[in-house]
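Just below is one structure, and these are the notes that go with it.
The values are calculated or read from the model by the stated rules, or taken from the named source; none is laboratory data. None of the values given here were measured: they were computed from a predicted structure. A quick note on method: Cβ atoms are made from the backbone with ideal geometry, for glycine too, and the neighbour counts reach across all protein chains shown. Remember, those area values only see protein heavy atoms, side chains included, never the ligands or the DNA or RNA. Shrake-Rupley method; radii C 1.70, N 1.55, O 1.52, S 1.80 Å.
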Amino acid sequence: MLILQGGDCAERFSDCTQKIIQIKLRILLQMSLVLIWGSRKPVVRIGRIAGQYGKPRSKPTQIVEGVEMASFKGDNVNALEASKEARIPDPKRLLEGYFRSSATLNYIRALTSGGFADLVLK
C-alpha cells in the first residue's frame with residue numbers, strides 16, 4: 001500500500017472557490033491514478049486541504065518598505081495587506097477559517113460521492 005499526500009503549505013481564504021477546489025482534488029486523484037497503475041498497489045490519498053489557513057513564521061515581525069510590522073501568519077490570524085493595522089491578529093478570522101474549512105470538506109464530499117472521482121472512458 002502506498003500513501004500519497006498532496007496540498008498547499010498554506011491556503012488563502014480567496015482560494016476557497018469551486019474551481020480551485022476541483023483543480024486541487026483532480027490533481028490529487030490523477031497523481032494517485034499514476035501511482036496505482038505504475039505500482040499495482042492500492043493508494044491512500046491524504047489531501048492537505050480545507051484548513052491550512054495558518055502560516056508559522058520564523059520571525060514575529062518583518063520590515064516592509066522600511067516599516068516594521070507583524071509578519072503575515074495566514075488568513076486565520078491576520079491579513080496579507082502590508083500595514084500595521086491589517087497585521088493585528090483578529091480572532092474573528094478563526095470563525096471565517098472554520099466556515100471555509102467546513103464548506104470545502106462538504107464540497108469535496110459532494111464531489112467524490114457524486115462521481116467526480118469515477119473513471120469514465122469517453
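Spin-label model, Ile88/Arg45: points 7 Å from Cα along the beta carbon direction are separated by 4.3 nm.
For the set Phe72, Phe99, solvent exposure ranked by accessible area (probe 1.4 Å, protein chains only) runs largest to smallest as Phe99, Phe72. The residues packed around Ser102, meaning those with a beta-carbon under 13 Å from its beta-carbon, carry a net charge of +1 if Lys and Arg are +1 and Asp and Glu are -1. In a reduced charge model with +1 at each Lys and Arg Cβ and -1 at each Asp and Glu Cβ, the chain shows a dipole moment near 500 debye about its Cα centre. Modelled label positions at Glu96 and Thr61, each set 7 Å beyond Cα in the direction of Cβ, lie 2.5 nm from each other. Pairing the Cα long axis of helix 92-113 with the longest principal axis of the chain, what angle in degrees results, from 0 to 90 and rounded to the nearest 10? Between helix and principal axis, roughly 10 degrees. Placing Lys84, Lys19, Lys24, Lys41 in order of accessible area, with the largest value first and a 1.4 Å probe, yields Lys19, Lys84, Lys41, Lys24. When the Cα gyration tensor is reduced to axis lengths a ≥ b ≥ c, the ratio a/c is 1.5 or higher for region 1-48, and with a/b above b/c it is classed as prolate. Counting only heavy atoms of the protein chains and using a 1.4 Å probe, Arg109 has close to 140 Å² of accessible surface. Within the shell of other residues whose beta carbon sits under 11 angstrom from the beta carbon of Phe13, the net charge comes to -1, with Lys and Arg scored +1 and Asp and Glu -1. Accessible surface of Met31, taken over heavy atoms with a 1.4 Å probe and every protein chain present, rounds to 80 Å². Of the Cα atoms belonging to the chain, the radius of gyration and Dmax stand at 18.1, 57 Å. Over the chain, give the accessible area per residue in Å² for a 1.4 Å probe, as an integer. In whole numbers, the chain has 69 Å² accessible per residue. Just want to confirm a number: the relative contact order over the chain, from Cα pairs under 8 angstrom separated by 6+ residues, in percent. It comes to 25 percent, rounded to a whole number. Within the accessible surface of region 58-103, defined with a 1.4 Å probe on protein heavy atoms only, the carbon and sulfur portion equals 60 percent.
Residue separation of Glu68 and Asp8 scaled by 0.36 nm, minus their Cα-Cα distance, works out to 18.8 nm of gained length.
The angle separating the long axis of helix 18-39 from the principal Cα axis of greatest extent in the chain is about 50 degrees.
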